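The values are calculated or read from the model by the stated rules, or taken from the named source; none is laboratory data. Computed from a prediction, not measured in an experiment: that's the story for all the values here. Cβ placement follows ideal geometry from the backbone for every residue including glycine, while neighbour counts extend to all protein chains displayed. Surface accessibility is based on the protein's heavy atoms, side chains included, excluding ligands, DNA and RNA. Shrake-Rupley method; radii C 1.70, N 1.55, O 1.52, S 1.80 Å.
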Amino acid sequence: MGPVGTAAVRDGGAALPGGFWAAVRVWLEKPQVANRRLCGAAIEAEGTVALDEGEEASRAPRGGAGEGRAAELRGLWREVRGQLPPPLTPLGAPGRGAEVGVALRALLARGRPRAPPAKELAVQDTYNGTVTFLPLEENSEGKYQIKKSNIYQIQLTHVKDEEWSLSIVAPCPENWFSDGITYPKLAWLGNELLPKLAKWSVEKKPSEFKSTLSLISVAKYSNVYQDLKEKYREMVKVWPEVTDPEKFVYEDVAIATYLLILWEEERKEKGLTKKQSFVDLGCGNGLLVHILNNEGHSGRGIDVRRRKIWDMYGPETHLEESTILPGDSHLFPDTDWIIGNHSDELTPWIPVIAARSSYSCCYFVLPCCFFDFHGKYCRRQSKKTQYREYLDFVAQVGFACGFYVEEDCLRIPSTKRVCLIGKNRSYPPSEWAVIDKQITQYINNRQTCAVVGCDRRVGFNHKDRSDSACKEVGSELPESETDTVGTIWMPGFQPREKVEQIRNCASLPRDFVDDVVLKVANLLLNATPQKSCSNMHCGNANSWNQGESLSLKEVAECLNKETLQRLKSECGGLQTLLKNNHQVFEVLNGRVHIRDWRTEKPSRRTKPEVKRRLSAEAFKTRLCWFFLHHPDGCSLPSESCPYAHGTEELRASQIIKKKKHRQ
């Protein structure tokens, strides 16, 4: 038995040995958290087997129901047990009746959806504190054989008191075969996996969220995701929006994959043949709708604002530009699923709309920004993270609407990855009227202060509407929406604005921005004491004035009230304007500095190809502010400065040309 690695573990919180088995469970079920070249594992069968010949297992496997699956697992164990190398044969407690836990898992390689998964039999011996992984190969006769060269065992040993030892051993280290994916090098097991197992073993902090993809088949997800990713990868190259194409394309591909598998399993459960229909409320760029339509699901997306990319999808993708006001006029009785994908102010309304659309209508919501029924969500508990608290609130809305709410975690490039699903009701159809009143009461109880001044209520029964309330709300809505205003469920609801306001100082007049920049720069340059830095590059001076640093408050006090008022109307105000002009300023910890380009260090991380290309295209496309305005000129020579020293060095901006061409 060859040692691969050993880690000393100190257990001051009495987590072991239980924590060790919890860590093994993570590696067994979610190997991708350690080995990034895997996308997951599928547990095909699991249970206990008797070590003595002729004895039956005391517990049936959980991978597939019934005695047939149990017999299959026992048969597999008998098939491979005799192939174990001698150092691994003493398993279980001494004496008759000894049992060990066994789990058959399939390892799913990332990026190889059609390749047959590698299979392993994990043997868990709680008595001796070991788990042995037996790689399996199927021979021409359909029987499994152990790939002895790649057997490894994880061992837990109690040294004394709070001291424990965690180790990984391999019986044949000299014959170990590494494919770099399913079977990494032995050094990886010792240097990467072992420290993670040691850390997980004594961690007591429970996760706030469910395991990733806990409600669907990981193996099926891997196959479908790779197919869709390949099918829609060209969207990245032609993306006309200003958002990051890779993030949004692959995120929507992942969400579509999840929904397609979820819906396929629902059809099997309910005996349906027709693919589900859907409505995506707040569909944004519409890519999710486009994919689901292409994959055979009838449905449409609705958003308050049309996107440029909508014109690229074609007539088969159904997208509508319209304002959603939660009410009787925005119910979808003939729709199977309501989708809320980062639906912002509509997020808590998604379960309500689904519940009131029809008894069979389901919903899928992926919460992101925190909104209540009437506006921004206000925290009520300090013991939870804001995200966890908000998820619990949206789940509670689903419960109040009569749904059994399920939670899952998606595999998407976002920090907000938890989705909530309501596909089954907790009440019979005959109780719909009771649940409807319960929904109204729940909405009314969500707010304690008035939203509409005429009746001081936060919500009202959508069957008993107040004309006076409707008139007041109608006065605040666009003219095109007043014809449906009488049907809304909450008079104080504020839909998203149709025209997105730009409030990042980018829309301010150029001469106004230039004037503020020059004033602030002169403040810093004339402040005392001045910082003079040696300038080896500039031939006309021996020093370069870097100026003094001032706090944002000190800078603001030197600007007139009209300027400050104009900046205040922009998000971030003065600080945003200064950060936008990063060629001139550096804002650190609330203090403003003149940027010295000689001290700028190149990024240690390699930039993506797109960013490298953009940097090259932007070179010398703008005039150097220091060359024009600084009393000592630019601190860099012309050949080193990314900005133009004079109009003769200016290049045409190819970035602007490309944007205009795409529009």
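If you go through segment 103-128 and keep only what is among the hydrophobic types (A, V, I, L, M, F, W, C) and under 33 Å from the mean Cα position of the chain (by Cα), you end up with Ala103, Leu104, Ala106, Leu107, Leu108, Ala109, Ala115, Ala118, Leu121, Ala122. For Phe627, the conditions (1) hydrophobic (A, V, I, L, M, F, W, C); (2) in the same structural domain as Thr647 (by the TED database); (3) modelled with pLDDT under 90 are fulfilled apart from (3). Restricting Leu272, Leu292 to those that are in the same structural domain as Phe364 (by the TED database) and either buried (at least 19 other Cβ atoms within 10 Å of the Cβ) or assigned to a helix (DSSP H, G or I) (or both) reduces the list to Leu292. Taking the criterion of being acidic (Asp, Glu) and either out of contact with any Asp or Glu (no Cβ under 8 Å at 6 or more places or on another chain) or in a helix (DSSP H, G or I) (or both), the only residue of segment 1-35 that qualifies is Glu29.
Look at Gln145 and say whether it is in the same structural domain as Ala106 (by the TED database), open to solvent by 10 Å² or more (accessible area, probe 1.4 Å) and modelled with pLDDT of 90 or more. In short, no.
Taken over segment 482-519, the residue count meeting the criterion of being in a loop (DSSP other than H, G, I, E, B), of a type outside the set (A, V, I, L, M, F, W, C) and at pLDDT 65 or above is 9. Is it the case, given these coordinates, that Leu228 is in contact (Cβ under 8 Å) with a residue 40 or more places away in the chain and either outside the structural domain of Leu391 (by the TED database) or within 23 Å of Trp21 (Cβ to Cβ) (or both)? In short, no. Among the residues examined, Glu120 does not qualify as among the acidic types (Asp, Glu), assigned to a strand (DSSP E or B) and either in contact with a helix residue (DSSP H, G or I) (Cβ under 8 Å, 6 or more places away or on another chain) or open to solvent by 50 Å² or more (accessible area, probe 1.4 Å) (or both). Can you tell me which residue within segment 226-269, out of those that are aromatic (Phe, Trp, Tyr), part of a helix (DSSP H, G or I) and in contact with a helix residue (DSSP H, G or I) (Cβ under 8 Å, 6 or more places away or on another chain), is farthest from Leu420 (Cα to Cα)? In this case the residue turns out to be Tyr232. Within segment 163-191, the set of residues being touching a residue at least 40 places away in the same chain (Cβ under 8 Å), loosely packed, with under 14 Cβ neighbours inside 10 Å and either out of contact with any strand residue (DSSP E or B) (no Cβ under 9 Å at 6 or more places or on another chain) or part of a loop (DSSP other than H, G, I, E, B) (or both) comprises just one member, Gly180. For segment 76-99, the criterion of a residue being more than 18 Å from Ala23 (Cα to Cα), part of a strand (DSSP E or B) and at pLDDT below 90 is satisfied by at least one position.
Across segment 384-434, the qualifying residues are those that are loosely packed, with under 14 Cβ neighbours inside 10 Å and of a type in the set (Val, Ile, Thr), and the one among them that is modelled with the highest pLDDT is Val434.
Among the residues of segment 413-434, those that are charged (D, E, K, R) and out of contact with any helix residue (DSSP H, G or I) (no Cβ under 9 Å at 6 or more places or on another chain) comprise Arg417, Glu431.
Of the residues making up segment 342-357, those that are in a helix (DSSP H, G or I) and open to solvent by less than 20 Å² (accessible area, probe 1.4 Å) are Leu346, Trp349, Ile350, Pro351, Val352, Ile353, Ala354, Ala355, Arg356, Ser357. Within segment 196-211, the set of residues being open to solvent by 30 Å² or more (accessible area, probe 1.4 Å) and modelled with pLDDT of 85 or more comprises Lys196, Lys199, Trp200, Val202. Considering each residue of segment 216-225 in turn, at least one proves to be more than 30 Å from Ile146 (Cβ to Cβ) and either open to solvent by less than 30 Å² (accessible area, probe 1.4 Å) or outside any helix (DSSP H, G or I) (or both). Condition check for Gly375 on (1) open to solvent by less than 20 Å² (accessible area, probe 1.4 Å); (2) at pLDDT below 90: one failure, at (1). Filtering segment 17-34 to residues that are in contact with a helix residue (DSSP H, G or I) (Cβ under 8 Å, 6 or more places away or on another chain) and open to solvent by less than 20 Å² (accessible area, probe 1.4 Å) leaves Gly19, Phe20, Ala23, Val24, Trp27, Ala34.
Residues of segment 123-158 that are part of a loop (DSSP other than H, G, I, E, B) and among the acidic types (Asp, Glu): Glu141 alone. Filtering Ile324, Ile339 for residues that are modelled with pLDDT under 95, aliphatic (A, V, I, L, M) and surrounded by 19 or more Cβ atoms within 10 Å (Cβ to Cβ) leaves a single hit, Ile324. I'd like to check something: does segment 231-243 contain any residue that is under 27 Å from Phe133 (Cβ atoms), charged (D, E, K, R) and over 20 Å from the mean Cα position of the chain (by Cα)? Checked against the condition, which is being under 27 Å from Phe133 (Cβ atoms), charged (D, E, K, R) and over 20 Å from the mean Cα position of the chain (by Cα), segment 231-243 yields no hits at all. Confirm whether Asp311 is in the same structural domain as Gly422 (by the TED database), of a type in the set (Asp, Glu), surrounded by fewer than 21 Cβ atoms within 10 Å (Cβ to Cβ) and not in a helix (DSSP H, G or I). So Asp311 fails the test.
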